[in-house]
1. Go through the residues of the range 207-214 one by one and say whether even a single one is at negative phi, surrounded by fewer than 19 Cβ atoms within 10 Å (Cβ to Cβ) and of a type outside the set (Phe, Trp, Tyr).
2. Somewhere in the range 375-383, is a residue assigned to a helix (DSSP H, G or I) and in contact (Cβ under 8 Å) with a residue 40 or more places away in the chain?
3. Considering 288, 307, which residue is touching a helix residue (DSSP H, G or I) at 6+ places or on another chain (Cβ under 9 Å) and over 30 Å from residue 97 (Cα atoms)?
4. Might you let me know whether the range 59-70 holds any residue that is in contact with a Gly (Cβ under 9 Å, 6 or more places away or on another chain), assigned to a helix (DSSP H, G or I) and farther than 18 Å from residue 387 by Cα?
5. Just checking, does the range 165-181 include any residue being over 13 Å from the mean Cα position of the chain (by Cα), hydrophobic (A, V, I, L, M, F, W, C), assigned to a loop (DSSP other than H, G, I, E, B) and away from the ligand (no atom under 16 Å from the Cβ)?
6. Evaluate the range 203-210: report whether one residue or more is under 21 Å from the mean Cα position of the chain (by Cα) and either within 16 Å of the ligand (Cβ to nearest atom) or not in a strand (DSSP E or B) (or both).
7. I'd like the residue in the range 243-273 that is among the hydrophobic types (A, V, I, L, M, F, W, C) and near the ligand (Cβ under 10 Å from one of its atoms) and, out of all such residues, is nearest to residue 101 (Cα to Cα).
8. Using beta carbons and a limit of 7 Å, which pairs, at least six apart or on different chains, have the first residue in the range 24-45 and over 21 Å from residue 305 (Cβ atoms) and β-branched (Val, Ile, Thr) and the second one in a strand (DSSP E or B) and within 16 Å of the ligand (Cβ to nearest atom)?
Amino acid sequence: MSNNVVPAVRHFLSDKVEHFTESVIRDMTRQALLHGAVNLAQGFPDFPAPDEIKRAAQQAIAADVNQYAITWGSKNLRQAIARQMQQWQGISVDPETQITVCCGSTEAMISTLLAVCNRGDEVVVLEPFYENYGPDAILSGAKPVFVKLRPPQDADGEWAFDERELRAAFHPHTKAVILNTPNNPTGKVFSRPELELIRDLCVEFDVLAITDEIYEHIIYDGTKHISPASLEGMAERTVTINGMSKTYSVTGWRVGWAVAPPEITNAIRKVHDFLTVGAPAPMQEAGAAALSLPPTYYQTLAEKYAARRDRLMPALTEAGFSCFRPRGAYYVMTDISSFGFDNDLEFTQYLVKEIGVAAVPGSSFYNDPRDGAHQVRFAFCKRDETLDEAARRLKKLSTTR
Ligand SMILES: Cc1ncc(COP(=O)(O)O)c(C=O)c1O
């Protein structure tokens, strides 16, 4: 056999991976490290997690909670999740048959899509969207159908979908709609009338709602988060996805969950078991402690994030960005038209290399990159010092224009 034969490596690859790129958000973090930039790209806090929950994790390890948990999640955590859903959203769920604890809400989403989608099923996704949903749909064999959320006309307005466009995206072969409220990247929190409209379409076309509610507790200006599963007629056709990452500032712990009717849960549990067996056992115990924190914890969390938002937004405006004011989650989507760059990629490269601030190019949140060519997202889940340093660097931008 000749040693010179170079295998055609592409021959070994799945077609699926040809259809998406590595995460732009996570790449921007690597670039921030490379260029010594302040990282306002990826949504992870640079401040400590609450002491109580760190202690709970330490105690769990000391008590030898070091082996596989039950594949669909430790009983303590599932009971805490059920209690919280009842307390916050008035949703009754059976922790024995309706909850699957996963390695982050990321795994909960892909396990759900793998569990419900057949090749060619359509999944409606509102865009701009959290970038994982695109590859998630492709990996599960589904075809994403995008519907636009249009930016508000003024700084205080709301991102909104057009009712006719949304209706036109629903077909007899639509399997699911993915909703993310509070929304990354826009900061939109879906209103009751909007959710009722989506509910009516789901019922009419017999469609499942898969709702990513990871920013449930990060809301501003008196806005209320409404869990779609709490709407009449939705409990039986909703998979609610949530996790510890954002609410408890522990994105590296990798604990999330999917809550669904029992039959759907059975299917999700099967996929989850063979993908990962289970989420980290000691972190699940810490999760049970976290979900038992008093209501004041959540109030303070939201207040602190509101203060961070109000610290970053004026700095962005002063530097020349047009900001869309978020009602929830911890990002500011901005319009960069005033800077005169050809597109968001060129701009974010300039920002990370010359100004020393990493942000996420808007195109990574759209199916057609041209739709996000004048948008850039900043994360404000950072210490005051970090936000102030970013503000100081961004001042250079207003003088270089
Ligand atoms: C909308 C949304 N869903 C899910 C995730 C990931 O969550 P997890 O850490 O639970 O996998 C993120 C992280 O940025 C997000 O913004």
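The values are calculated or read from the model by the stated rules, or taken from the named source; none is laboratory data. Only a predicted model underlies this, so the values are computations on that prediction, with no experimental measurement involved. Every residue, glycine among them, receives a Cβ derived from its backbone with ideal geometry; neighbour counts consider all protein chains shown.
1. So far as the range 207-214 goes, no, none of its residues is at negative phi, surrounded by fewer than 19 Cβ atoms within 10 Å (Cβ to Cβ) and of a type outside the set (Phe, Trp, Tyr).
2. Within the range 375-383, none of the residues are assigned to a helix (DSSP H, G or I) and in contact (Cβ under 8 Å) with a residue 40 or more places away in the chain.
3. Result: 307 is the single residue among 288, 307 that is touching a helix residue (DSSP H, G or I) at 6+ places or on another chain (Cβ under 9 Å) and over 30 Å from residue 97 (Cα atoms).
4. Step one: filter the range 59-70 for residues in contact with a Gly (Cβ under 9 Å, 6 or more places away or on another chain), giving 68-70.
If we keep only those that are assigned to a helix (DSSP H, G or I) too, we end up with none.
Within the range 59-70, not a single residue is in contact with a Gly (Cβ under 9 Å, 6 or more places away or on another chain), assigned to a helix (DSSP H, G or I) and farther than 18 Å from residue 387 by Cα.
5. Yes, there is a match, as at least one residue in the range 165-181 is over 13 Å from the mean Cα position of the chain (by Cα), hydrophobic (A, V, I, L, M, F, W, C), assigned to a loop (DSSP other than H, G, I, E, B) and away from the ligand (no atom under 16 Å from the Cβ).
6. yes
7. My answer is 257.
8. Here the result reads 24/360; 24/361, each pair linking the range 24-45 to a residue that is in a strand (DSSP E or B) and within 16 Å of the ligand (Cβ to nearest atom).
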